[in-house]
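Nothing in this text is a laboratory measurement; each read-out follows from the coordinates by a stated rule. Quick caveat, the model's predicted, so the values are computed rather than measured. FYI the Cβ positions are ideal-geometry reconstructions off the backbone, even for glycines, and counts take in every protein chain you see.
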Amino acid sequence: MFDPCEKARIFGLPPGADFAKALVHGLLDRTQGMPPENVARVEVFVNTRRMQRRVRDLFDSGPALLLPRLRLVTDLGQDAAMADLPPAVPPLRRRLELSQLVAQLLKQQPDLAPRSAVFDLADSLAALMDEMQGEGVSPEKIAELDVTDQSGHWERALKFVSLIQRFFQDEFEKAPDSEARQRMVIERLVSRWADSPPDHPVIVAGSTGSRGATHLLMQAVARLPQGALVLPGFDFDMPASVWTSLDNALTTEDHPQYRFAKLMNSLDLGPGDVLKWSDTPVPSPPRNRLVSLALRPAPVTDQWMTEGRTLTDVGKSTESISLIEAPSSRLEAVAIALRLRKAAEDGETAALISPDRQLTRQVTAALDQWRIEPDDSAGRPLHLSAPGRFLRHVSNLFGQKLTSESLLTLLKHPLSYTGAENRGLHLLWTRELELSLRRYGPPFPTPADLTGWAELRADDGRLDWTKWLGEMLGGLEQVSERPLSDHLRHHLQIAEQLAAGPVVEGAGTLWDKPAGKAALAAVQELEREASAGGILSPADYNALFLAILKRVEVRDPSRPHSNIMIWGTLEARVQGADLVILGGLNDGVWPEQPAPDPWLNRKMRQDAGLLLPERRIGLSAHDFQQAIAAKEVWLTRAIRDAEAETVPSRWVNRLVNLLNGLTEQGGKEAYSDMEQRGQFWLDMAEALSTPKVSVPAENRPSPYPPTNQRPRKLSVTRIKTLIRDPYAVYAQYVLRLKPLDPIKQTPDAPLRGTVLHKVMEQFLSKSASTREELLHIADQVLLEDAPWPAARRIWWAKLARVADWFIAGEQARRAISTPIKTELLGSVSLAEQGFTLTAKADRFDRAADGSVYIIDYKTGAPPSAEEQTYFDKQLLLEAAMVERGGFSEIGSAHVAGATYIGLGSSPKEVHAPLDDPGLDQVWQEFDALIRAYSGPKQGYTSRRAMAKMRFGGDFDHLARFGEWDETQEPAPKEMP
């Protein structure tokens, strides 16, 4: 197949070539005329299963013939000659073993890292160990590094790195990791080939040799009598002098061709020794030359001035490139979606290539408006899928009190109760239980609370349903440390029971569909390796389980478009398309910033012989150089993200700077044309995204219902609402609407007010008078009515901070009056209007002369005297009610004072302005207000006089606030 030669044999394919198609074309040319059985003996090693599938599909689409042996590099360990090597330890088992070691270290020295980081640290250590094994670096070499000029961080990192030393000892050769076994396989194969090389062709295609073990294999294959390498995206336009400069990893490893230069150096070859594998033409040779020059290493970018003069076809090289610099990522996504839509209409194959998953999700969402579903190769993280979320909800119950929010989240999940036939009843009971929990609580329902709720209702099976829930979910807060296998067994038992339903075998539809099958595979793997997990707390188990789900991606497109694809950079290496869109070209996104290495810095990595962080940048640069050489290319970026202005990708920056410097060759005009082509689509995206200016369907509402439907009774606290936002009174009392209580009951301000009022009520009823008595009562009330430990401590501390101030004020109040009633109900009727005003007063004190003092407690800031005069008339109206005998237990009496006692962070007393304007005038104004709203044409205006414009009301959405504002005049409208 290959002519004999003394040098190692390397071929290459230039950027822009469809690598898989060109590989097959070259194989067919070289095997033409060979006996079929000899063709079948040709071994071709590729680096990904995607490449393997595509090459096989290309062979299948051609004439009938015996195929070469298409193998993965990782298949080498499956040969019969390697059968005596021990099998590799599953990666999950090794990570679980490392997590135990990390947990023990953190238990001894908790200041090293938080406990929640155990599995992440173990995962990072496992990655470091894999790299050391793949590159042939021993722990001793790490320990011998000169760190005299390093910070104290190295001493802490060394404590973690020393944990992996045991896995390099001889005893672990019987249970090697996958990377260690792969290197053992390759080293044995290389040794055997040195003595007895294979008599058939062996080809390694598509690999860059960036990892140590693969690099070793490629060297051996290139030296075989019938061995060859086929390199992807080899830059045949780069001068030999530039290839020679790629000799320092610290300064040039981020170059797209660095790995090839390193490979050639190890084989004593130069760039002239790399031959073209196929004569397949590339889409634009001039563009390849331009990009090659733009991506020159930084030390030799002065060649732009010398070689740039030789570029005589700059306009031709960029005629199929469009540049989009969008104001925002949203407009970037819309512009991309518009171009993909046109490609779908024209029958073109188009691919969006980007490592930015947020951008690809935005593009997918934008395409959905035209019912186009792209074929997204990345899929979706398992932990965000329906089974992943369901399993996470269940695991979060361990070690925690069951909340109404977590209970309803599980019951309403689409995977719950899917094995039983009567799921409709399950949903009905869940809805009724939700309404009860929202309105009445408790925030932490127990099995007894659930059965108690069911016993008060119809005997339609819900009692058995709540008993089933109680038996399954009760007592989970008592789960503590236990073996990983016990956690997992209990976890899956609850999940499958909840998914199936009572008296039903199986797990419902939990393990169905691609996401369910992926979840089942993940938990089954964890079951197999659980013995290595040790003892875990519920929090540790939750962190571990989430980390495992995050490692799995699920592809589940229902109807993907055959020509519209979204690829990651890995998929783009083996695929081809008519249109390639390189999206998210901002620094920090593409290329992605190297992740911080918690163990070794760049210098230490180089001294140890490990890979540098720039390796990933170099691989991304290589992907970019190949992708930009496609037939038609879009380069897109957003000028701003959600936080700040962005920086263009270094590759785009280089290309733009080079074009702007090629003034005599038409570079500026070429760049301007790229921008104009992109601006056309960007203008279209802005037009599509800009809402049309339209007149709202409704103006500022001010409905007036029939007088017989208007409220005939209001409390004094609702009079403020009637003044400030009459529409809220209309919605609540005429339309009979009520805001739905939140599912998650939280220690909010209304509840704090209720608790504080109860504390004050008991303080007075027990005739207490000291700080100690007040705080003791607060302890008891908080324990009973506030089941949130943190909130109890905070509320108690706030009360304790103002306790001395309150006791001092209470002594002054009791010196002039005596508390007589608390939480007293009263009412006064306006006979002429047929209206009743009600009140529930916090506290009444009586003075020796028979006059009355009214006191109201506030946890927030009390209303000022001016606010009370015009808007917040609660105390003024209560005082007027007392003088009119509205509180039967008090009788008609003179009100000597009415006071708000503010017990917030800035405690203060605010007295109601009883004498200005006077209680008689207050009552007259109230009578006039009710008389006005009894008029047939008086409308209930929305947001009539809000205290703060930014404050929202419960019924603003119903009033369509936002389509109008407070500057518009209300539009009265008669309601039936």
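When the trypsin sites (Lys or Arg not before Pro) in the range 645-753 are filtered for DSSP coil states and for at most 16 other beta-carbon atoms within 10 Å of their beta-carbon, the remaining sites are K692, R712, R736, K744. Kirkwood's formula applied to the C-alpha pairs of the range 745-933 gives a hydrodynamic radius of 17.5 angstrom.
Taking label positions 7 Å along the Cα-Cβ direction at both R489 and E925, the computed distance is 7.3 nm, reported to one decimal.
Residue separation of W154 and L520 scaled by 0.36 nm, minus their Cα-Cα distance, works out to 127.7 nm of gained length.
Taken over the range 585-672, the percentage of Cα pairs per 10 Å bin, counting from 0 up to the bin with the maximum distance, is 14, 34, 31, 16, 5, 0. Magnitude of the charge dipole for the chain, about its Cα centre and with charges confined to Cβ atoms of Lys, Arg (+1) and Asp, Glu (-1), is about 1300 debye. With the cut-off at 1.5 for a/c, could you classify the range 91-175 from its C-alpha gyration tensor as rounded, prolate or oblate? Taking the square roots of the gyration eigenvalues as a ≥ b ≥ c, the range 91-175 is oblate. Just tell me which lysines come within less than 16 Å, Cα to Cα, of K744; anything on the same chain fewer than 8 places away is out. Output for K744: K401, K412.
Dividing the alpha-carbon radius of gyration of the range 382-554 by the rule-of-thumb value 2.2 N^0.38 Å gives 1.04. Its Cα gyration tensor gives the chain an equivalent ellipsoid. The semi-axes, each the square root of 5 times an eigenvalue, are 71, 36, 28 Å from largest down.
When Rg and Dmax are taken over the Cα atoms of the range 40-94, they come to 14.7, 47 Å. For the range 857-961, GluC sites (Glu not before Pro) meeting the loop criterion (DSSP other than H, G, I, E, B) and having at most 15 other Cβ atoms within 10 Å: E889.
Helix screen, the chain: no DSSP H segment has Cα axial length of 30 Å or more and mean Kyte-Doolittle hydropathy at least 0.5. In a fully extended conformation the segment linking E883 and L783 would gain 32.1 nm over its present Cα-Cα distance, using 0.36 nm per residue. For the range 211-335, the average shadow cast by the Cα convex hull is 11.0 nm², which is a quarter of the hull's surface. Given R0 = 41 Å, the distance between the Cβ atoms of D915 and L735 translates into a calculated FRET efficiency of 0.55. For the range 1-144, the spherically averaged projection of the C-alpha convex hull amounts to 14.9 nm². Averaging the sequence gap over all C-alpha pairs within less than 8 Å and six or more residues apart, then dividing by the number of residues, gives the range 382-554 a relative contact order of 35 percent. Cross-link pairs exceeding 19 Å between alpha carbons, from the set K692/K948; K517/K550; K631/K668; K798/K948: K692/K948; K631/K668; K798/K948.
Do any trypsin sites (Lys or Arg not before Pro) in the range 400-505 lie in a loop, going by DSSP, with at most 15 other beta-carbon atoms within 10 Å of their beta carbon, and if so which? Of the trypsin sites (Lys or Arg not before Pro), the ones in loops of the range 400-505 whose Cβ has at most 15 other Cβ atoms within 10 Å are K401, K412, R457. Each DSSP beta bridge with both residues in the range 745-933 is either parallel or antiparallel, and the antiparallel ones are about 75%.
Here the chain carries DSSP beta bridges of which approximately 35% are antiparallel, counting only pairs with both residues inside. If you average the C-alpha positions of the range 892-936 and of the range 309-375 separately, how far apart do those two centres end up, in angstrom? Result: 65 Å between the Cα centres. Per the Cα gyration tensor, the range 455-562 maps to an equivalent ellipsoid with semi-axes of 28, 24, 11 Å, ordered largest to smallest. Going 7 Å from the Cα of L85 toward and past its Cβ, which residues in the range 178-199 have a backbone nitrogen under 16 Å from where you end up? Under cut-off, by backbone N: 178-194. Residue order for V503, V394, fewest other beta carbons within 10 angstrom first, comes to V503, V394. Each label was represented as a point 7 Å from its Cα along the Cα-to-Cβ direction; for K316 and E823 these points are 9.1 nm apart.
With an a/c value of 1.5 or above and a/b not larger than b/c for the gyration tensor axes a ≥ b ≥ c computed over the alpha-carbon atoms, the range 162-278 is described as oblate. Within straight-line reach of K276, meaning a Cα separation under 17 Å, sit the following lysines at least 8 residues removed in sequence or on another chain: K7, K21.
The equivalent ellipsoid that matches the C-alpha gyration tensor of the range 239-310 spans semi-axes of 20, 19, 10 angstrom, in descending order. Compared with the direct C-alpha span, the chain from F871 to L384 gains 170.4 nm at full extension, assuming 0.36 nm per residue. Overall shape: oblate for the range 664-767, with the ratio a/c of the largest to smallest alpha carbon gyration tensor axis at 1.5 or above and b/c at least equal to a/b.
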